[in-house]
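Novice: Supplied in structure tokens, the structure appears directly below.
The values are calculated or read from the model by the stated rules, or taken from the named source; none is laboratory data. Because the structure is a prediction, the values reported are computed rather than measured. Heads up, the Cβs are rebuilt from the backbone with ideal geometry, glycines too, and the neighbour counts pull from every protein chain shown. With ligands, DNA and RNA removed, areas are computed over all heavy atoms of the protein, side chains included. Shrake-Rupley method; radii C 1.70, N 1.55, O 1.52, S 1.80 Å.
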Amino acid sequence: MSTDPKKELDFDPAEARLDEYAGDVMMKKSRFLGFPINQKSQLVGFYKWLYGSGFNLSMINNAGDPFNHGDEILNTLDFEREVIEYFAPLYGFDPGDTWGIVTFSGTDGNNHGIYFGANYLKKKTQKNPILYVSEEAHYSSKRLADLQNLELRIIPADVKGCMITEEFEKALVPDKPALMVYAMGTTFKGGIDDQAALNAILAKHPEISVYRHLDAALFGGYIPFTEYRDIINRKIQPFDSIAISGHKFFGMDEPAGMFITSMDVKQNQNPYEISYLNASMPMINCSRSALSPLKFWWIINHTTKEEFSAQAEGMLKRARWLKDQFDKIGWPAWLAPMSNTVYFKRPPEEIAANFHLSPDFDERRGGALSHIVVMQHVSEEKLGKFLDVLKTIRK
Ligand SMILES: *Cc1c(COP(=O)(O)O)cnc(C)c1O
């Protein structure tokens, strides 16, 4: 007979607490409009496979280079490489001239972009670069400049959230290499830096060595599947590396992303040859998730490019629809080109809290703002419920 009271009652208080918590999350997630997360799980089948196969009972670890590793088996490096090779051509990287990893997040991808860029420029010029980024770009690049001890120039952004070309030209230091971080979709207003205009300024200074990293965490996911794909294609606008999130457009259920660069950049790093890993280790982290690349691999093997296109176009269409609805009720709202993020005059706090709308402030747009990020789960029906609430308070 068991003496464990827990077993006798068959009641696990920890599990009960989790059940209560999960119920609450399921209820609230349908009103989740203010963050760029795809709440439509793409991984139901993956978990069936995971538990059915017994793979969930293994501890595996991607310590190693997906493009250059030995034949050790307790990793998913081959799948990780396939994920990078699937995406790289969408951004204009040629097969055979691609290197990359599945990262822990968008920030991790930017960390690699800035680190690889700084190393690359130092190796070419024996000088420390200056990092240029707009004030409205995601804060991670500024934090990472600090962490990597890089000189930072924060360039003012225009009212649409884009780096001001003239301000960049004024700030450009001629005798130091330039590490550019272009914001391909700013967090709040969805502004896209004008690469052509900024590159034209750089072209006036052929003496300056340049490395370009694209922070494309959210927009980099969907833009390759739309008519706007050229703005994120390095064959059309040159860049050296790109960071994309996995948990935004692609519907991973935990933070993840990708860092993709060229072989030229990878070969101009300072890889440490690690004999016990049988590998060179150009990346920052040693242990990395083996499960994330598998989830990513699952998603790309169960979603056609046509389906990604339909998701991307649906998001942009609903974003334009939402902007039109705001216009109809006379509520100030804005939508940048190619963006799925509608931002607008902030409603009263009670409404903002109910729909999980994050705050921002811009005097030039009349003060307090909120935004709705139109992801896959943000349907016209959900938007309609929000608009109905808004209509009731309109004067
Ligand atoms: C979300 C986002 C980030 C940060 O990504 P994390 O995965 O949260 O670290 C960086 N830049 C942009 C443009 C983003 O949208």
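Novice: Is there any pair linking a residue in region 12-31 that is in a helix (DSSP H, G or I) to one that is open to solvent by less than 60 Å² (accessible area, probe 1.4 Å) and not β-branched (Val, Ile, Thr), with Cβ under 7 Å and at least six apart or on different chains, and which?
Specialist: These pairs meet every condition: LYS29/GLN39.
Novice: If you go through region 89-105, how many residues are farther than 18 Å from PRO255 by Cβ and either in contact with a Leu (Cβ under 6 Å, 6 or more places away or on another chain) or surrounded by fewer than 22 Cβ atoms within 10 Å (Cβ to Cβ) (or both)? Full working, then the answer.
Specialist: Looking only at region 89-105, we keep the residues that are farther than 18 Å from PRO255 by Cβ, and these are 89-99.
When the remaining residues are screened for being either in contact with a Leu (Cβ under 6 Å, 6 or more places away or on another chain) or surrounded by fewer than 22 Cβ atoms within 10 Å (Cβ to Cβ) (or both), the result is 89-90, 92, 94-98.
Counting residues in region 89-105 that are farther than 18 Å from PRO255 by Cβ and either in contact with a Leu (Cβ under 6 Å, 6 or more places away or on another chain) or surrounded by fewer than 22 Cβ atoms within 10 Å (Cβ to Cβ) (or both) gives 8.
Novice: List the pairs whose first member sits in region 230-257 and is among the acidic types (Asp, Glu), whose second member is near the ligand (Cβ under 10 Å from one of its atoms), and whose Cβ atoms are under 8 Å apart, counting only residues at least 6 apart or on separate chains?
Specialist: Hits for this filter: ASP253/HIS247; GLU254/HIS247.
Novice: Still on this structure, I have one more. So in region 234-260, with the set limited to residues that are more than 14 Å from the chain's Cα centre (by Cα) and under 18 Å from GLY109 (Cβ atoms), which one is nearest to the ligand (Cβ to nearest atom)? Walk me through how you get there before you give the answer.
Specialist: Going through region 234-260, the residues more than 14 Å from the chain's Cα centre (by Cα) turn out to be 234-240.
Add one more test, that the residue is under 18 Å from GLY109 (Cβ atoms), and what stays is 234, 239-240.
Values: ARG234: 18, PHE239: 15, ASP240: 17 Å.
The qualifying residue nearest to the ligand (Cβ to nearest atom) is PHE239.
Novice: Return the residue satisfying two criteria in turn: it lies in region 188-212 and is more than 30 Å from ALA333 (Cβ to Cβ) and under 22 Å from the mean Cα position of the chain (by Cα), and of such residues it is surrounded by the fewest Cβ atoms within 10 Å (Cβ to Cβ). Outline the logic, then answer.
Specialist: Of all residues in region 188-212, those more than 30 Å from ALA333 (Cβ to Cβ) come to 199-212.
Keeping just the survivors that are under 22 Å from the mean Cα position of the chain (by Cα) gives 211-212.
On the way: TYR211: 25, ARG212: 22.
Here the answer is ARG212.
Novice: Can you say whether ASP175 is assigned to a loop (DSSP other than H, G, I, E, B) and more than 15 Å from the ligand (Cβ to nearest atom), as far as the supplied structure shows?
Specialist: Details: assigned to a loop (DSSP other than H, G, I, E, B): yes; more than 15 Å from the ligand (Cβ to nearest atom): yes.
When the stated conditions are applied, ASP175 passes them.
Novice: Here is a follow-up. Please enumerate the residues belonging to region 320-364 that are part of a loop (DSSP other than H, G, I, E, B), out of contact with any His (no Cβ under 8 Å at 6 or more places or on another chain) and of a type in the set (A, V, I, L, M, F, W, C). Step through it out loud before you land on a result.
Specialist: Let us first name the residues in region 320-364 that are part of a loop (DSSP other than H, G, I, E, B), namely 330-332, 336-340, 346-348, 355-358.
Retained after the next criterion (residues that are out of contact with any His (no Cβ under 8 Å at 6 or more places or on another chain)): 330-332, 336-340, 346-348, 355-356.
Within region 320-364, TRP331, ALA336, MET338, PHE355 qualify.
Novice: Given the options ILE208, ILE201, name the one that is in contact with a helix residue (DSSP H, G or I) (Cβ under 9 Å, 6 or more places away or on another chain), β-branched (Val, Ile, Thr), assigned to a loop (DSSP other than H, G, I, E, B) and within 29 Å of LYS122 (Cβ to Cβ).
Specialist: Numbers: ILE201 fails: assigned to a loop (DSSP other than H, G, I, E, B).
Selected residue: ILE208, the only one of ILE208, ILE201 that is in contact with a helix residue (DSSP H, G or I) (Cβ under 9 Å, 6 or more places away or on another chain), β-branched (Val, Ile, Thr), assigned to a loop (DSSP other than H, G, I, E, B) and within 29 Å of LYS122 (Cβ to Cβ).
Novice: Shifting gears a bit: Got at least one residue in region 107-116 being surrounded by fewer than 15 Cβ atoms within 10 Å (Cβ to Cβ) and closer than 22 Å to LEU294 by Cβ? Lay out the reasoning, then the answer.
Specialist: Narrowing region 107-116 to residues surrounded by fewer than 15 Cβ atoms within 10 Å (Cβ to Cβ): none.
No, every residue in region 107-116 fails to be surrounded by fewer than 15 Cβ atoms within 10 Å (Cβ to Cβ) and closer than 22 Å to LEU294 by Cβ.
Novice: With touching a residue at least 12 places away in the same chain (Cβ under 8 Å), among the basic types (Lys, Arg), farther than 30 Å from TYR47 by Cα and not in a loop (DSSP other than H, G, I, E, B) as the only criterion, which of LYS317, LYS391 stands out?
Specialist: On the way: LYS317 fails: touching a residue at least 12 places away in the same chain (Cβ under 8 Å).
Matching residue, one of LYS317, LYS391: LYS391.
Novice: Search region 157-172 for residues being in a loop (DSSP other than H, G, I, E, B) and more than 22 Å from the chain's Cα centre (by Cα), and hand back the single one that is nearest to THR341 (Cα to Cα). If you could, list the steps in order and put the result at the bottom.
Specialist: Taking region 157-172 first, the residues in a loop (DSSP other than H, G, I, E, B) are 158-162, 164, 172.
Checking which are more than 22 Å from the chain's Cα centre (by Cα) leaves us with 158-159, 164, 172.
Working: ASP158: 17, VAL159: 15, ILE164: 21, LEU172: 30 Å.
So, considering only residues that are in a loop (DSSP other than H, G, I, E, B) and more than 22 Å from the chain's Cα centre (by Cα), the one nearest to THR341 (Cα to Cα) is VAL159.
Novice: Okay, next question. Report, by residue number, each residue of region 75-99 that is within 17 Å of the chain's Cα centre (by Cα) and either at positive phi or of a type in the set (A, V, I, L, M, F, W, C) (or both).
Specialist: Within region 75-99, VAL83, ILE84, PHE87, ALA88, LEU90 meet the criteria.
Novice: Going by the conditions given, is ASN38 surrounded by 11 or more Cβ atoms within 10 Å (Cβ to Cβ) and modelled with pLDDT under 95? I'd like the intermediate steps shown before the answer.
Specialist: Details: surrounded by 11 or more Cβ atoms within 10 Å (Cβ to Cβ): yes; modelled with pLDDT under 95: yes.
Yes: the conditions hold for ASN38.
Novice: Picking from ASN354, ASN285, which residue would you name as being out of contact with any strand residue (DSSP E or B) (no Cβ under 7 Å at 6 or more places or on another chain) and within 16 Å of the ligand (Cβ to nearest atom)?
Specialist: Values: ASN354 fails: within 16 Å of the ligand (Cβ to nearest atom).
Criteria check complete, one pass: ASN285.
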